[in-house]
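The values are calculated or read from the model by the stated rules, or taken from the named source; none is laboratory data. As the structure is a prediction and not an experimental result, all values here were calculated from the model. Don't worry about glycine lacking a Cβ; one is built from the backbone with ideal geometry, like all the others, and counts go over all protein chains shown. These area figures cover heavy atoms from the full protein model, side chains too; ligands, DNA and RNA do not enter into them. Shrake-Rupley method; radii C 1.70, N 1.55, O 1.52, S 1.80 Å.
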Amino acid sequence: MVSVAFSPDGRTVASASFDGTGRLWDVADPHHPVALTTLPGHTAPVVWVAFSPDDRTVATASQDFTVRLWDVADPRHPAPLATLTGHADVVRSVAFSPDGHTVATASLDRTVRLWDLTDPRRPAALPTLTGHTGAVVSVVFSPDGRTVATGSDDYTARLWDLPGPALAGHGDIVCGAAFSPDGRTLATGSWDRTVRLWDVTDPHRPGKLATLTGHTSSVCGIAFRPDGRVLATASYDHTARLWDVTDPHHPAPLHTLTGHTDNANGVAFTPDGRTLATAGLDTVRLWDVTDPRQPRERAVLTNHASGVNAVAFSPDGRTLATASWDHTARLWNVADPRQPRERAVLTDHTNGVNTVSFTPDGRTLITAGFDRTVRLWDVAGSGGPAPLRTLTGHTDSVYSVALGPDGRTLATASADHTVQLWDITDPHQPAERATLTGHTDRVHIVAFSPDGHTVATAGADRTVRLWEADVERVAARICDVAYPTITRSQWDQYFPGLSYRPPCPRR
């Protein structure tokens, strides 16, 4: 026996043994412990055990390079939940976060892996912590769950400031996301056929609100009506749906829009909330949704030579932009939504166009696509749309773009697993500000909250992540944890020849 752990209620002990098993013991009467059951399945010695904070899950770590999760709500009849794989050597230590939503695994392969356990039957891989030069033999979370401490055979202990919250719960790729106008609710859509509503009033402690069901295929198009009371969703089941989300704890269906004969990919409301555009692999349709319980179709746009992936209205609601598989984006005059007229065709992309978005002043259009580029267009000139700049920082298809409410920051999401932030204050000379890493697969969607400093990203790793995009806020948080302030002697050691200018103020 090489490791033991008490359950939080103190009534059960888990033990790990070189015989390749974990065991559970009833120690309610410590003078007469009773063996309850054995946790089998590992193919090498078990070297660590840990209980989740709610007593319901046990993790066993083994020299077979895996960690197994067990449902021990009834400790006499445990049930296997999942096996965590990915380490390249013995897993030496395991720790649950205080809220039980994350588990950290430390290995002799010199890494610590993080896993989201919102659904413990389908753990989602989170970023891997690398940097130790020797085996990592111990891992523990801080009481607030925002820091991980690790100990290693390289004679160091390290503190890691964890990435922002990851919202897990979807059972497949997350391909759609939108913030409510007040920024308090985030809606996400997935290949698992559901839409989920999340309380993001405090982005550091998001919570589940509700799950919308009814679509029979993937849901990737999501948009809130500007008053925040109605949510529109578009699905590969060829329909769009309207939902009453006045009370996000208890959303209710309002109407199902039919007419598309192929996947419905995107939705967008006009600024006055009276017109909805739906984009599909067949057509773009405009709907009068003044009464969302009784919407009426106004027009069908058919000029694209192939399916349409996304739609966006200009801030004044008079122009509609559409992005298509036919390698073009198009602009439409929809001042009278019953009689839309094509204004322009943007043809510089060399592959399908995935997404379109206007800057808040309506003067610049952003397009991006499978050609790995993001393109900025001047759409305010009297001579028609003109290319301004092409951004080429991504190494794979760009799926989504989002603009901060001040129009100065552009976020781009890519199949290369990253999100890039760009300063487009001068759209003729955009500058890359940062690259957000942490997703372990393609990033399908990015969205800005109305406050301008929270960014939501989601993708094929089935997680939704919230990021702080304001540099000053990030710096303040770093200074909160990076104390004490660097001393003058330390400064002289690491930065010889430079004047002493500590980046964080003294406390």
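Calculate for the chain the 222 nm mean residue ellipticity that helices alone would give, adding -39,500 (n - 2.57) per DSSP H run of length 4 or more and normalising by residue count, nearest 500 deg cm²/dmol. Before the final figure, lay out the partial values.
Details: 2 runs with 18 residues, N = 507.
Taking each H run of at least 4 residues, the total per residue is -1000 deg cm²/dmol.
Can you give the alpha-carbon Rg of region 117-232 over 2.2 N^0.38 Å, where N counts its residues?
Details: Rg = 18.2 Å, N = 116, 2.2 N^0.38 = 13.4 Å.
Expressed relative to 2.2 N^0.38 Å, the Cα Rg reads 1.36.
With a 1.4 Å probe and all protein chains left in place, how much accessible area per residue does the chain have, in Å²?
44
Compare the peptides 383-393, 105-115 by average per-residue count of other Cβ atoms within 10 angstrom and give them in order, highest first.
By packing density, highest mean first, the sequence is 105-115, 383-393.
What is the set of long-range amide H partners of Ala310 at a cut-off below 5 Å, with H atoms built 1.01 Å from backbone N?
When sequence neighbours closer than 5 places are left aside, the close amide H contacts are Ala323.
For the chain, calculate the relative contact order in percent as a whole number, restricting contacts to Cα pairs under 8 Å that are 6 or more residues apart.
Details: 1463 pairs, mean separation 35.8, N = 507.
Dividing the mean separation by the residue count of the chain yields 7 percent.
Could you tell me how many cubic angstrom of Cα convex hull volume region 171-311 has per residue?
Per residue, the Cα convex hull of region 171-311 comes to 98 Å³.
Starting from the alpha-carbon convex hull of region 397-507, give the projected area averaged over all orientations, in nm².
One quarter of the hull surface, i.e. the mean projection, equals 9.4 nm².
Quick one: divide the alpha-carbon radius of gyration of the chain by 2.2 N^0.38 Å and tell me what you get. If you can, show how the numbers build up before the last one.
Values: Rg = 25.9 Å, N = 507, 2.2 N^0.38 = 23.5 Å.
Normalised Cα radius of gyration, the chain: 1.10.
Per the 1.4 Å probe, what fraction of the accessible area of region 414-507, in percent, lies on carbon and sulfur atoms?
Working: 2720 of 5190 Å².
Here it works out to 52 percent.
Before anything else, pin down the relative contact order of region 1-134: Cα pairs under 8 Å, at least 6 apart, normalised by residue count, whole percent.
Relative contact order for region 1-134 comes out at 15 percent.
All other residues with a Cβ under 12 Å from the Cβ of Asp348 taken together, and with Lys, Arg as +1 and Asp, Glu as -1, what is their net charge?
+1
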